[in-house]
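In what follows, a single structure is set out as structure tokens and then discussed.
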Amino acid sequence: MIPAPLFSIPQLLLLLSPFLAMALGAGLLLHGLLWWLRHRHLAAAQRPRFWRLSTTVLALLVLAGGIWGLVLLWKMQQISHQVELRAHYRQSREQFVLPQDFQYGELVIPQGSLINKYDAFDNGEPQRPLGLRGLRSVRFAQPVQVAGVWATAMETSPARLELARDQQISPVFHFDRQANDGYGAWVQDPKRRHLACKQGEHAWFEAPLIPYDIQAEFGKPGPDGPDARFRPSQWAVTRCESDWGPIKVEPAYSGTGPADAQTQVWGPLLPDNGD
């Protein structure tokens, strides 16, 4: 398949017209310089006319191209400003301190927790309702019980928790390749009644996929808040360890953004202004 061109010929001409105007302007200046060198020894009354129809038309084309170039430059600056503004709003909602207690699926995350998330449906609007769709990691403001385990931090993919205290975690699961008619499955490990995990270690869990109608929800944002598909009660602990590395939770975004950026990014969506 032959890919479609990015611009039609008229659009390409409009984009190139400022550069064509610059070339015509340079040609007009050169023509004027040569005309002056050729006729500078003549009296003003004896010199042939410079501003004939052709040079006048050429000058008007240069002027029009220059004005259009200024319009394009102004428009590009507007677009660049909007891109910067939207990126600022998105990042402000990707790395932030939770302003209030918030229920995400089965879990209530306390106010003051440090949140890292990515919402593909956040288009950089000035304000959006508070939400945790696309939650990646969180450092809790205080120990929180997740999947029956007291934790200080959480990562959602892969699912692991930073333990707030020494704990015995059960039941323990392992992957049995013979289960599920030979397809394999995570099943309870008969050899381990529990895991004796230490404070600061990471408890790893197998988080089963939550079924939903993929076709019906294709291209639509997934549920958020209490309806989010986040159910730690279904997680199955598999191991505890401390060698994998810390749970990465980036600090809250502190950028100021453009001068006209709003400081409040949470709240009801603003009326559509046609942007």
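The values are calculated or read from the model by the stated rules, or taken from the named source; none is laboratory data. Please read all numbers here as calculations on a predicted model, not as lab measurements. Every residue, glycine as well, gets a Cβ built from its backbone with ideal geometry; the counts of neighbours run over all protein chains shown. To get the accessible areas, we keep the full protein, side chains included, count just its heavy atoms, and leave off ligands, DNA and RNA. Shrake-Rupley method; radii C 1.70, N 1.55, O 1.52, S 1.80 Å.
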- Index of the failed condition, VAL187 passing every other in (1) in a loop (DSSP other than H, G, I, E, B); (2) more than 26 Å from GLN103 (Cα to Cα): (1)
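Quick grid of which residues meet (1) of a type in the set (Ser, Thr, Tyr); (2) in contact with a Cys (Cβ under 6 Å, 6 or more places away or on another chain); (3) without any contact (Cβ under 8 Å) to a residue 24 or more places away in the chain:
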site	(1), (2), (3)
VAL146	no, no, no
ALA159	no, no, no
GLN168	no, no, no
TYR183	yes, no, yes
GLN199	no, no, no
LEU209	no, no, yes
- Query: Filtering region 128-146 down to residues that are open to solvent by 30 Å² or more (accessible area, probe 1.4 Å) and either part of a strand (DSSP E or B) or among the polar types (S, T, N, Q) (or both), which residue is modelled with the lowest pLDDT?
  - Reply: ARG128
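With ALA179, ALA196 as the choices, which residue is in a strand (DSSP E or B), of a type outside the set (D, E, K, R) and more than 25 Å from the chain's Cα centre (by Cα)?
On the way: ALA179 fails: in a strand (DSSP E or B).
Result of the check over ALA179, ALA196: ALA196.
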- region 234-275 - residue that is open to solvent by less than 50 Å² (accessible area, probe 1.4 Å) and aromatic (Phe, Trp, Tyr) and, of those, modelled with the lowest pLDDT: TRP266
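Can GLN111 be described as closer than 19 Å to PHE230 by Cβ and surrounded by 14 or more Cβ atoms within 10 Å (Cβ to Cβ)? Lay out the reasoning, then the answer.
Working: closer than 19 Å to PHE230 by Cβ: yes; surrounded by 14 or more Cβ atoms within 10 Å (Cβ to Cβ): no.
The answer is no for GLN111.
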- What are the pairs, 6+ residues apart or on separate chains, where a residue within region 15-39 that is open to solvent by 100 Å² or more (accessible area, probe 1.4 Å) has its Cβ under 9 Å from a residue that is part of a helix (DSSP H, G or I)? PHE19/GLY65; PHE19/GLY69; MET22/VAL62; MET22/GLY65; MET22/GLY66; MET22/GLY69
- Item | Subset tally (residues that are in contact with a helix residue (DSSP H, G or I) (Cβ under 8 Å, 6 or more places away or on another chain) and within 21 Å of ARG239 (Cβ to Cβ)) for region 127-147 | 2
- Task: Answer yes or no as to whether ALA228 is in contact (Cβ under 8 Å) with a residue 60 or more places away in the chain, closer than 20 Å to PHE96 by Cβ and open to solvent by less than 40 Å² (accessible area, probe 1.4 Å).
- Result: yes
- Pairs only if they're at least six apart or on different chains, beta carbon under 9 angstrom, first in region 44-58 and within 16 Å of LEU24 (Cβ to Cβ), second surrounded by 10 or more Cβ atoms within 10 Å (Cβ to Cβ) and polar (S, T, N, Q); list them, first residue then second. none
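Looking at the structure I just gave you, is GLN167 open to solvent by 50 Å² or more (accessible area, probe 1.4 Å) and under 28 Å from VAL144 (Cβ atoms)?
Details: open to solvent by 50 Å² or more (accessible area, probe 1.4 Å): no; under 28 Å from VAL144 (Cβ atoms): yes.
So GLN167 fails the test.
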- Answer residue from region 170-197, given it is open to solvent by less than 60 Å² (accessible area, probe 1.4 Å) and charged (D, E, K, R) and is modelled with the lowest pLDDT among those: ASP176
- Report yes if PHE121 is among the aromatic types (Phe, Trp, Tyr) and either open to solvent by less than 20 Å² (accessible area, probe 1.4 Å) or in a strand (DSSP E or B) (or both), otherwise no. no
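Could you tell me which of the residues ASP119, ASP227 is out of contact with any Asp or Glu (no Cβ under 8 Å at 6 or more places or on another chain), more than 26 Å from TRP244 (Cβ to Cβ) and not aromatic (Phe, Trp, Tyr)? Can you show your working first?
Numbers: ASP119 fails: out of contact with any Asp or Glu (no Cβ under 8 Å at 6 or more places or on another chain).
Result of the check over ASP119, ASP227: ASP227.
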